[in-house]
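My questions all concern the structure below.
The values are calculated or read from the model by the stated rules, or taken from the named source; none is laboratory data. A quick note: this is a predicted structure, and the numbers were derived from the prediction, not measured. Don't worry about glycine lacking a Cβ; one is built from the backbone with ideal geometry, like all the others, and counts go over all protein chains shown. These accessible areas exclude ligands, DNA and RNA; they are computed on the full protein's heavy atoms, side chains included. Shrake-Rupley method; radii C 1.70, N 1.55, O 1.52, S 1.80 Å.
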Amino acid sequence: MLNLSVLTDPGFCPHSLNKYASIMAGGNGYMGVRATHEEDYTRQTRGMYLAGLYHRAGCNETNELVNLPDVVGIDIELDGENFTLLAGEILSWQRELAFANGELRRSVLWRSPGGKRYRLESRRFVSLDQLPLVAMQLSITPVDDASQVVLKTGIDATQTNTGRQHLDEMSVRVFDQHYLQGGYETQDHAAEVVMSAYCRLSTESDSFFTAKNRRITAHQAFSIPQGDTVTLEKLVWVAHRRDKALSQEAFARNALAELKVCAVKGYAALLKSSADAWGKIWRDGRVEVASTEPQDQIALDYAVWHLTAMTPAHDERSSIGAKGLTGEGYKGHVFWDTEIFLLPFHLFTRPQIARSLLRYRWLNLPGAREKARRNGWPGALFPWESAASGQEETPEFAAINIRTGTRQKVASALAEHHIVADIAWAVVAYWQATHDDDFMRNEGLKLLMETATFWMGRATEVNGRLEIHNVIGPDEYTEHVNNNAYTNYLAWHNVASACQFMARFKREERRFTENASRFLERLWLPEADADGVIPQDDSFLAKPVIDLSRYKAQAGKQTILLDYSRAEVNEMQILKQADVVMLNYLLPERFTPQQCAANLAFYEPRTIHDSSLSKAIHGIVTARCGDTEGAYAFWRDGIAIDLGDDPHSSDDGIHAAATGAIWSAVIQGFAGLQIVEGELHLAPRIPAHWQKLTFPLRWRNARMHFTFENAVLTIETSAPVTLTLWGKTLMTSGRQVWSQKDFITPDAGTATTEGSHDA
Ligand code: BGC
């Protein structure tokens, strides 16, 4: 039995309502539900989102993840007083998200302003085995006296995305004494959502329904004897469709029928089957550490929780937004975050999901081709931000100067082209870890060739060599530069990989091959200086350096932009996030450890880490350079992005990429996992705070399990695997135990080391 952690909300605080609503959000990849309280608070942002359900609310707007009608809210009236924690007194409080079964629980003992005490307990989960299902319970116990209670709850379609309304209400119905249903359609008529709710009290009540102003509500009035408990059970079925094969009536009828089956099973049985589904997730993906810092395990469970909750494993037409399904930040758009920060977890735990995420890009090739064509380039230029259609979704303008009325253009869609090569990098990593030739022969090769074609057209010839001009690398504080090292090296890798897989699958296209050879021979790859430092781009090293300590102390808040304009920042050696260090991370075999260390030493002091995508990557490269404690410091800073004390850092959703990086930094940093020349390498070294690290891993046809403790690595594998451990290549099978001290020899090569085989 796994001893899973719980995430707690330490106390009711009106300032951190939205932080906890994001980090404790539930989800199943189909939908996400913010962990808001049942009762309303002015500053609390409710949110419920369906993966892939985007809509544009009007001109000057962008497609965004639609905030659905709310079902979590319940108006609670206790003996004539509205239940709110802003009044009265909180006598006891407990709120937690239990990772083991996925249940969000709150228990409050509250004294009303009138002086009576009540215990309120609520529970909620988003089902992992029945994707359209959300289930909740609210229990009320009057402690001092018999009580009169009124509850009002239902489906509230006044919900908006910060004022933008996406849905038209098409129908509202009630059935029997317990069922409510609302039918909604996006205003462009492209998608339909039917929300059905079942509300049942554990006692008799006076009840009636109303439907008014986009709210359909069940009103229930009842009394509770002192010390007794009455429970409201509410089950919600959220059906979504983009096709109109069925009539609206039949679609709604089916949804209601599904809900009725759930109602017969009841909350406890539904929770049990969802918890069983979570059990499989933990078995396949849980990383365990024995650490002196309890938060380390919580962070790892948190990461697997959200990586599961945010990923539409059921639907390859959707991918993962930068805030997962936990909030409206970045409008729910999909960035390079998915391939580089989120895909690795899936690749090494449930590779089918990595495949599905790549198929999303493959399905969206038409949009990428169109974007390339519009800009005068061949091949596929994937959008910097995408949603359902694969078109570019990056808003044209960012902040407005309200004095002048002028708006600032967002440059990423114009020049942050590395996303093309990032997708190609992920395609190659997918094949290396799975050897899935079926995928590679078809979708994979298509993606590699079209992206490679883009780079071949994108490069410019300068004095006989090819250069890539006017790009933005991962560091978004340095715009419109020539020969960003990250971009050039990854573009080279992209084209080289296309050639390699064309050869493997005997795909002959003479013109492509000739162009590719010319590109690979002549593309300029910025060279390391004598110390090993690679210039970030052609102009970076000539720019002035300033002291960034003030801004680094406020990492993530972009405070530098309060003192300098973007244009000024652009003209100094200031990085928002890992750039050359990111390159060292992604293509480890191209750089020596000494070069990686030199780039860390040079670029880290120049990096503010204003992006949540930065620290963990520094951590991984630091770990690979042998500084485990330095890496641990970066990792702890990385987990604090969502789990730290800042009450507002995650208001509009968790940082999905940083969440993926919590997992990556442990497996690719401390466990030392790298794919080098297509093969698996591991070199565990764990921080002093940890006594033990265990994790499962999928590699090709093997299910593996690693335990590292007291410098001894135990590997269990379902099939023999060749891997390189601490620099020595060996074959492991069954259950074998390897002692780290046997590997510390100056010559790294084929192993002479024998692992001991356990029966
Ligand atoms: C980062 C990008 C990232 C985006 C979405 C930006 O702040 O600079 O690298 O893709 O956030 O997470």
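List the number of the failed condition for T42; all other conditions in (1) within 16 Å of V193 (Cβ to Cβ); (2) surrounded by fewer than 17 Cβ atoms within 10 Å (Cβ to Cβ); (3) of a type in the set (V, I, T) hold.
Single failed check for T42: (1).
Only one of these conditions is not met by A567: (1) modelled with pLDDT of 95 or more; (2) open to solvent by 20 Å² or more (accessible area, probe 1.4 Å). Which number is it?
(1)
While we're on this one: Hey, can you tell me all the residues within segment 317-344 that are among the acidic types (D, E) and in contact with a strand residue (DSSP E or B) (Cβ under 8 Å, 6 or more places away or on another chain)?
Listed by number, the list holds a single entry, E328.
Scan segment 482-502 for residues that are touching a Gly at 6+ places or on another chain (Cβ under 7 Å) and not in a helix (DSSP H, G or I) and jot them down.
Across segment 482-502, the qualifying residue is only N484.
Condition first: open to solvent by 10 Å² or more (accessible area, probe 1.4 Å) and more than 23 Å from L342 (Cβ to Cβ). Now tell me which residues in segment 663-689 satisfy that.
E677, E679, A683, R685, I686, A688, H689
Let me ask something additional. Kindly indicate the residue of segment 1-23 that is among the aliphatic types (A, V, I, L, M) and in contact with a helix residue (DSSP H, G or I) (Cβ under 7 Å, 6 or more places away or on another chain) and also surrounded by the fewest Cβ atoms within 10 Å (Cβ to Cβ) among those meeting that condition.
Selected residue: L2.
Take the residues in segment 391-411 that are within 14 Å of the ligand (Cβ to nearest atom) and farther than 27 Å from H346 by Cα, then tell me which one is least open to solvent (accessible area, probe 1.4 Å).
A411
Another one. Can you report the number of residues in segment 589-613 which are open to solvent by 10 Å² or more (accessible area, probe 1.4 Å) and either away from the ligand (no atom under 16 Å from the Cβ) or more than 25 Å from the chain's Cα centre (by Cα) (or both)?
Number of matching residues: 16.
Tell me yes or no: at least one residue of segment 707-718 is open to solvent by less than 30 Å² (accessible area, probe 1.4 Å) and either within 16 Å of the ligand (Cβ to nearest atom) or among the small types (G, A, S) (or both).
no
Restricting to segment 464-490, give me the number of residues that are over 21 Å from G532 (Cα atoms), more than 16 Å from the ligand (Cβ to nearest atom) and within 30 Å of the chain's Cα centre (by Cα).
1
Now a separate question. Only one residue in A35, A21 is outside any loop (DSSP other than H, G, I, E, B) and not polar (S, T, N, Q), so which one is that?
Being outside any loop (DSSP other than H, G, I, E, B) and not polar (S, T, N, Q) holds for just one of A35, A21, which is A21.
Do you know which residues across segment 553-572 are under 28 Å from D642 (Cα atoms) and away from the ligand (no atom under 16 Å from the Cβ)?
Those that are under 28 Å from D642 (Cα atoms) and away from the ligand (no atom under 16 Å from the Cβ): A553, L562, D563, Y564, S565.
Out of Q130, Q94, which single residue is part of a loop (DSSP other than H, G, I, E, B), at pLDDT 95 or above and farther than 29 Å from D206 by Cα?
Q130
Residue check, T186 against (1) surrounded by 15 or more Cβ atoms within 10 Å (Cβ to Cβ); (2) over 27 Å from N28 (Cα atoms); (3) of a type in the set (S, T, N, Q), all met but one. Which one?
(2)
Same structure, new question: Enumerate the pairs (first residue in segment 263-286 and over 29 Å from C199 (Cβ atoms); second residue anywhere and polar (S, T, N, Q)) with beta-carbon separation below 8 Å, excluding pairs fewer than 6 apart on the same chain, so at least 6 apart or on different chains.
I281/T308; D284/T349; G285/T308; G285/T349
Right, here's the next one. Would you check if there is a residue in segment 614-627 being within 18 Å of the chain's Cα centre (by Cα), closer than 20 Å to I667 by Cα, assigned by TED's automatic domain parsing to the domain that holds G473 and away from the ligand (no atom under 16 Å from the Cβ)?
no
Could you say whether any residue in segment 130-152 is of a type in the set (S, T, Y), within 28 Å of G182 (Cβ to Cβ), more than 23 Å from the chain's Cα centre (by Cα) and open to solvent by 10 Å² or more (accessible area, probe 1.4 Å)?
Within segment 130-152, one or more residues are of a type in the set (S, T, Y), within 28 Å of G182 (Cβ to Cβ), more than 23 Å from the chain's Cα centre (by Cα) and open to solvent by 10 Å² or more (accessible area, probe 1.4 Å).
Let me ask another. For L586, are the conditions met, namely being at pLDDT 95 or above, surrounded by fewer than 24 Cβ atoms within 10 Å (Cβ to Cβ) and within 16 Å of the ligand (Cβ to nearest atom)?
Yes: the conditions hold for L586.
Going by what's in this entry, would T311 be described as over 16 Å from S650 (Cα atoms) and outside any helix (DSSP H, G or I)?
In short, yes.
If you don't mind, another one. Considering only segment 546-573, state which residues are assigned to a loop (DSSP other than H, G, I, E, B) and not hydrophobic (A, V, I, L, M, F, W, C).
D547, Q554, G556, K557, Q558, T559, Y564, S565, E571, Q573
Tell me, please, whether a residue that is within 21 Å of A309 (Cα to Cα), among the hydrophobic types (A, V, I, L, M, F, W, C) and touching a helix residue (DSSP H, G or I) at 6+ places or on another chain (Cβ under 8 Å) can be found in segment 99-115.
Yes, there is a match, as at least one residue in segment 99-115 is within 21 Å of A309 (Cα to Cα), among the hydrophobic types (A, V, I, L, M, F, W, C) and touching a helix residue (DSSP H, G or I) at 6+ places or on another chain (Cβ under 8 Å).
Given the criteria among the acidic types (D, E) and within 16 Å of the ligand (Cβ to nearest atom), does E461 qualify?
Taking the combined requirement at face value, the residue does not satisfy it.
If you don't mind, there's one more thing I want to ask. Pull out all pairs, ordered by first then second residue, where Cβ-Cβ is under 7 Å, the residues are six or more apart or on different chains, the first lies in segment 461-480 and is under 23 Å from E521 (Cβ atoms), and the second is assigned to a loop (DSSP other than H, G, I, E, B) and aromatic (F, W, Y).
Taking only residues 6 or more apart or on different chains, the pairs are R465/W524; L466/W524; E467/W524.
Which of the residues spanning segment 361-408 are within 26 Å of the chain's Cα centre (by Cα) and among the polar types (S, T, N, Q)?
N364, S386, S389, Q391, T394
Something else about it: Return a yes/no flag: does segment 523-536 have any residue that is part of a loop (DSSP other than H, G, I, E, B) and at positive phi.
The answer is yes, given that some residue of segment 523-536 is part of a loop (DSSP other than H, G, I, E, B) and at positive phi.
Which condition does D475 not pass, out of (1) under 30 Å from L643 (Cβ atoms); (2) open to solvent by 10 Å² or more (accessible area, probe 1.4 Å), if it passes all the others?
(2)
I need the full set of residues from segment 376-390 which are open to solvent by 50 Å² or more (accessible area, probe 1.4 Å) and of a type in the set (S, T, N, Q), in order please.
S389
OK, next. Of all residues in segment 649-677, which are within 16 Å of the ligand (Cβ to nearest atom), in a loop (DSSP other than H, G, I, E, B) and modelled with pLDDT of 95 or more?
Result: S650, D651, D652, G653, I654, H655.
Name the pairs: first residue in segment 595-619 and within 22 Å of R550 (Cβ to Cβ), second residue more than 16 Å from the ligand (Cβ to nearest atom) and modelled with pLDDT under 95, Cβ to Cβ under 9 Å, at least 6 apart or on different chains?
none
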